[in-house]
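One structure below.
Laboratory data are not the source of any read-out in this text; all were calculated from the coordinates shown. A quick note: this is a predicted structure, and the numbers were derived from the prediction, not measured. Here the Cβ is made from the backbone with ideal geometry for all residues, glycine too, and neighbour counts use every protein chain on show.
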């Protein structure tokens with residue numbers, strides 16, 4: 001199971017765990033497509049019931065729960081995520097580094113991955129993500145706005161790190177110094 005590129009410690013897994021522990025789907029709904037909300041809520045309820053009724057099969061239900069959450073997330077964000085994972089986009093060390101920088105608020109943790117010519121723009125984007133981070137858990141729209149900014153920023157840093165800039169639908173390659 002891969003969650004947000006860091007094999008188990010990323011924000012998707014953390015949100016899925018909190019939702020399972022609290023029974024509150026709002027923690028994870030922001031990470032999955034809106035059209036999957038009811039399916040996810042049913043999954044959470046079944047998993048909680050299965051876990052409490054059949055303690056010896058709880059691990060199977062929980063594993064199924066996390067895998068399904070993972071599929072919901074990637075189906076909504078990137079329908080071909082399996083190919084992207086094997087190509088390295090979701091397996092890159094960049095993702096946990098950027099996640100850690102966003103969580104801590106320390107842009108300097110990722111500055112070495114960004115070409116000098118893009119540091120000002122990246123710093124501004126970083127602060128936009130950080131400003132969206134503190135949303136009310138009951139405001140799903142604000143949570144989804146944060147997730148969208150979060151994922152867009154990760155992709156931006158990934159592209160900068162690999163020497164690719166997407167601008168107005170065009171792809172520009174540059175030499176990353």
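What FRET efficiency, computed as 1/(1 + (r/R0)^6) with R0 = 41 Å and r the Cβ-Cβ distance, is obtained for residue 134 and residue 93, rounded to the nearest 0.05?
For residue 134 and residue 93, the calculated efficiency is 0.95.
Each label point is 7 Å from the Cα along the Cα-to-Cβ direction; what then is the distance between the points at residue 117 and residue 14, in nm?
About 3.4 nm, to one decimal.
Calculate, in nm to one decimal, what residue 142 and residue 104 gain on full extension: separation in residues at 0.36 nm each, minus their alpha carbon distance.
Contour length minus Cα-Cα distance gives 11.7 nm.
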